[in-house]
Every structure is written in structure tokens, then in C-alpha cells.
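Enquirer: Take this structure first; my questions come after.
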Amino acid sequence: MKLTPRLEKIASMVPECTCIGDVGTDHAYIPAALIERGIVTKAIASDVVDGPVLNAQNTIARYGFANHVEVRKGSGLAPYAMGEIEGVIIAGMGGPLIAEIIEADYALAQSLNFLILQPMIGQEVLRAYLESHHFKIVEEHIEVEGEKFYEVMKVTAGEMMIDEPFYYEIGPLLVHQTDEKTKGFMGHKLKKYEKIYRSVKENASQDQGDYLLEIERKISLLKELI
Ligand code: SAM
């Protein structure tokens, strides 16, 4: 089963295991691919909205995986019992929502061997939440689709310390990676901050001095990293 690059990257970060959950599964493409590839023997695909639950059921029926993938309706981790899954995927949602989902079933989230998280926005909010709630990012990768960059992280219970504020946004592990996709991501951030810098400078009033200095600092950090 062929997945889009973003979904493929998420699937590739799932270790072999018995049972995994996919929160906000929509079409259940990742659980279906993981079963087809023999990475997991069972999966639970959940979503809070009827339409995506139906999409998931259709995919599972089409591939004949009804004995391997169970589709459940419910919010976040609520449809999962403690001990039932070894890891979970929460992908394609905002970082703040992912943090809320983890916080709502904190004991269950802490009990998992791994969480694969792929926030679409608000990545810095999610990383700050993880740091202050005893989770650590153990692996992180960038995937690219067209002009868009996606951050995919593998997280476990544990401690991490992010000592540079800008790393909440650009990823404390990504800053040490030199592959082309990560370099592209850093280059994209650099262009964004150079554009903001020019625009703020053109319209600058005196009290924007600190803001400009902060943007300059981010630009020079990004230049060092690239
Ligand atoms: N995970 C898939 C992916 O990465 O392509 C689908 C992402 S889709 C953009 C977001 C899905 O999350 C939707 O199907 C939506 O119904 C679901 N969702 C949003 N909030 C949720 C929650 N609190 N619990 C479970 N699912 C949720």
C-alpha cells in the first residue's frame, strides 16, 4: 500500500510491536499499511467524528483487515484501555490539541513505549508541553511534500531539557541533523524570519527594537545551523 511521504515517514518510525493505536485516524491508512507490512499484528484506529470513523471502516473492509484493525469512535486516548496498546500515533492535528489529548489521559500516555507525534502547527507548544510533563523526544525527522515541511517525532516517557528558547520551534534534535530535508526546513525558517525582519524594519517604531533584536538572533542561529 502506497502512502504519501508524510504518512510514509510516520509509518517508518513505528517499531515492530503487537498492538498500536492511531488517534484521529481518518482513513486509517497508517494502521492498514502497518498491518500489510507486518510491522504490527493488531491496531486500533480511533476518531472523534462520524465521517472519519466511516472512512476508516471502509479502508479496513477494502483491505480485508477487519480481524486486525478495530475502529473505535471517541476523543483522544479515551477509547483505549490501559495496557491495550504499546504505542500510539497522533498525527495531522495542531500541537496544542495533541498536548491536550496527552494531558487528558496522562497516565496512559506515560505508560506507552512510544508516541509518534506529527503536529501540523504549534510545534513549539507541543515541545514545551512534553519537556515540562516528563516526556522526551528520542527521534525527530522532517518530511517534505511539495512546499510543505512536516515534523515527525518519536516520544517516550522521560526527561529532556531544551536550553535554547528557539529550539522549541525548530526542534532540539533537528538542530543537530544535517540531512537535506532538515537543511531545507531550516532554510525555509530562515527565509520566513528574514521576510519578517524586512517587513518589521520597514514599519518599525522605536518600541519594536527588542522584537527586531529577537528576530536577528533567530536569523543568526539559523545561519549557523545551515
Ligand atoms: N491522522 C491522519 C493524518 O495524519 O493524515 C488524519 C488527520 S486529519 C487532518 C485530523 C483527524 O483528527 C480528523 O479525522 C479529526 O476528526 C480527528 N480528530 C480531531 N480531534 C480529535 C480528537 N480529540 N480525538 C480523536 N480524533 C480527533
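Enquirer: What pairs come out if I take residues in the stretch 134-151 that are acidic (D, E) and pair them with residues that are open to solvent by 20 Å² or more (accessible area, probe 1.4 Å) and in a strand (DSSP E or B) whose C-beta lies under 8 Å away, six or more apart or interchain?
Expert: E139/K154; E140/K154; E143/F149; E143/Y150; E151/H141
Enquirer: For the stretch 1-26, what are the residues that are within 11 Å of the ligand (Cβ to nearest atom), farther than 24 Å from A81 by Cβ and assigned to a loop (DSSP other than H, G, I, E, B)?
Expert: Of everything in the stretch 1-26, those that are within 11 Å of the ligand (Cβ to nearest atom), farther than 24 Å from A81 by Cβ and assigned to a loop (DSSP other than H, G, I, E, B) turn out to be L3, T4.
Enquirer: Of the residues K218, K189, K154, only one is basic (K, R), surrounded by 17 or more Cβ atoms within 10 Å (Cβ to Cβ) and not in a helix (DSSP H, G or I); which?
Expert: Answer to the selection: K154.
Enquirer: Inside the stretch 86-140, can you point out the residues that are more than 11 Å from the ligand (Cβ to nearest atom), of a type in the set (A, V, I, L, M, F, W, C) and in a loop (DSSP other than H, G, I, E, B)?
Expert: Within the stretch 86-140, L112, I121 qualify.
Enquirer: May I pose another question? Evaluate the following for R62: is it open to solvent by 70 Å² or more (accessible area, probe 1.4 Å), more than 16 Å from the ligand (Cβ to nearest atom) and within 23 Å of the chain's Cα centre (by Cα)?
Expert: Working: open to solvent by 70 Å² or more (accessible area, probe 1.4 Å): yes; more than 16 Å from the ligand (Cβ to nearest atom): yes; within 23 Å of the chain's Cα centre (by Cα): no.
No; evaluated as a whole, the condition is false for this residue.
Enquirer: May I pose another question? Quick check on this structure: which one of G83, G76 is in a loop (DSSP other than H, G, I, E, B), at pLDDT 95 or above and open to solvent by 60 Å² or more (accessible area, probe 1.4 Å)?
Expert: Only one candidate qualifies: G83.
The values are calculated or read from the model by the stated rules, or taken from the named source; none is laboratory data. Since the model is a prediction, treat every value here as computed from it, not as a measurement. Ideal geometry is used to build each Cβ from the backbone, glycine not excepted, and the neighbour counts take in all protein chains shown. Remember, those area values only see protein heavy atoms, side chains included, never the ligands or the DNA or RNA. Shrake-Rupley method; radii C 1.70, N 1.55, O 1.52, S 1.80 Å.
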